[in-house]
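The values are calculated or read from the model by the stated rules, or taken from the named source; none is laboratory data. Because the structure is a prediction, the values reported are computed rather than measured. With ideal geometry, Cβ positions are generated from the backbone for all residues, glycine too; neighbour counts draw on all protein chains shown.
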Amino acid sequence: MDRQVKYVLTESDLPRQWYNIVPDLPAPPPPPLHPGTGQPVGPDDLAPLFPAALIAQEVSADRYIDIPDEVLDVYRLWRPTPLFRARRLERDLGTPARIYYKYEGGSPAGSHKPNTAVPQAYYNAAEGVRRLTTETGAGQWGSALAFASAVFGLDLEVWMVRASYDQKPYRKMLMEAYGATVHPSPSPLTASGRAVLAEHPDSPGSLGIAISEAVEMAAGDEGARYALGSVLNHVLLHQTVIGEEALKQLALAGDVPDLIVGCTGGGSNFAGLTFPFLREKMAGRMSPVIRAVEPAACPSFTRGVYAYDFGDTAGLTPLFKMHTLGHDFVPDPIHAGGLRYHGMSPLLSHIYELGLIEAVAKPQSECFAAGLRFARTEGILPAPEPTHALAACIEEALRCKETGEEKVILTALCGHGLLDLAAYGSYQAGQVTDLELPDRVLSEALSGLPGVAAPPAGA
Ligand SMILES: *Cc1c(COP(=O)(O)O)cnc(C)c1O
């Protein structure tokens, strides 16, 4: 019997191109709109915030985009990443299912985020930008961009969601170790931060507020640009190296996936893993079910609406058609800080509307239990975010135990939890509760939607 647990690619298998799913979709995604004119935003509207190369990728109609050599050179530090077969977890569950996980926790920052931080820093530096601003939730994006900024000689200022700033001091220290400056958000440094603090001096912050602050600072400085760690098309594009490698590795293992599961905050690790498989599915070469897993406390797919909304709290960004809980929504401070965004990637939202993927929500105690079960069998302590995907994998594997189905399940273990030990500590101390998100809170947040019904005719 084949006991292989690890499928490793060589450097020559490193993808040389990112995969853009947009031209393969049966319908194009609705365009982002300018909040003032209601017209689709053009490259000029985005130029104060992003370098030209990334704006071009954001709207690209090319199926494949070459990865620059300078980016490949940095990717080589940790890519290709391994694919593991979770044999000990399978045995522990007593399931006939075969569970594979693509491990992205071996990157310098410990998550999948450097896959996009590196090209974003590279393109900014190549176009003469000196300073970047960004937001971070749990600190994973901030530390990934701090690493990438150090590599390409950029200054970085990070607005970190207050709840995580207080709960996760080590990520702040990691960002500072890489040379970045970190502010808790909301901060008194920006008009958007001051407005929130005036109303809620104890605000735990949210990604939406932190984005407003970072966007405001970049827009006010000619030599600065803004970087976003999820949600946008170019971010999802960069993450497709995960799925391209996983396709080759599953082929090495001689398996074809029946189910692909991933956690979704803004959607980037999920899209990165699944888009290359979705390409194969749309071409009729395989037919996996593709399932997004989100926290019950921040359920943008399963309880949000599909509507035009701002990407940030202050309303400084374009309007994006996406699954959203409303840009005023401030989720409870759940431990999976990376899953606390009010919206969902517009591209993934569109793909969900097309019926190409499905979504479920999980309460956090089930996720922590899954994370510990995984650590005790496979050895890696997962970040709190991918424990959502693991909970869904375990649920499916136990279903297979009932039915006897030998399903092939694939997931992305998109980060390790070694800087999230305090969260595991609270769970083990019995302090993690599953808070139901009341309908009243949700409808209040949704009442703040800008009410843009449809893109203008001909768009
Ligand atoms: C940021 C992050 C997430 C959530 O972001 P996505 O764009 O949805 O991937 C999930 N897991 C980890 C480990 C993260 O760092």
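For this structure, a couple of remarks:
- From the options T302, T313, residue that is over 14 Å from the mean Cα position of the chain (by Cα) and at pLDDT below 95: T313
- You will find that of S300, S287, the residue that is more than 16 Å from the ligand (Cβ to nearest atom) and more than 16 Å from P384 (Cβ to Cβ) is S287 and no other.
- Identification of helices (runs of 4 or more DSSP H) wholly contained in the stretch 134-204 with 1 or more residues that are over 20 Å from C298 (Cα atoms) and among the polar types (S, T, N, Q) yields 140-152, 191-199.
- Among the residues of the stretch 325-337, at least one is assigned to a helix (DSSP H, G or I) and either buried (at least 24 other Cβ atoms within 10 Å of the Cβ) or touching a residue at least 40 places away in the same chain (Cβ under 8 Å) (or both).
- Only one entry in K321, K248 is farther than 24 Å from V452 by Cα, outside any loop (DSSP other than H, G, I, E, B), more than 13 Å from the ligand (Cβ to nearest atom) and of a type in the set (K, R), namely K248.
- For the stretch 181-209, the set of residues classified as out of contact with any helix residue (DSSP H, G or I) (no Cβ under 6 Å at 6 or more places or on another chain), modelled with pLDDT of 95 or more and within 23 Å of S149 (Cβ to Cβ) consists of T181, H183, L189, listed by residue number.
- Answer residue from the stretch 129-155, given it is free of Cβ contacts under 8 Å to residues at least 60 places away in the same chain and surrounded by fewer than 24 Cβ atoms within 10 Å (Cβ to Cβ) and is farthest from E176 (Cα to Cα) among those: F152
- Note on the stretch 107-127: among residues that are part of a loop (DSSP other than H, G, I, E, B) and without any contact (Cβ under 8 Å) to a residue 60 or more places away in the chain, the one that is farthest from the ligand (Cβ to nearest atom) is P108.
- W159 vs. criteria within 18 Å of the chain's Cα centre (by Cα), away from the ligand (no atom under 14 Å from the Cβ) and hydrophobic (A, V, I, L, M, F, W, C): yes
- Applying a threshold of 6 Å to beta carbon distances and a minimum spacing of six or more residues, or different chains, the list of pairs starting in the stretch 79-103 at a residue that is in contact (Cβ under 8 Å) with a residue 12 or more places away in the chain and farther than 14 Å from A370 by Cβ and ending at one that is among the hydroxyl-bearing types (S, T, Y) and assigned to a helix (DSSP H, G or I) reads R88/T377.
- Residue check for R88: more than 25 Å from E244 (Cβ to Cβ), touching a Leu at 6+ places or on another chain (Cβ under 9 Å) and not small (G, A, S): no
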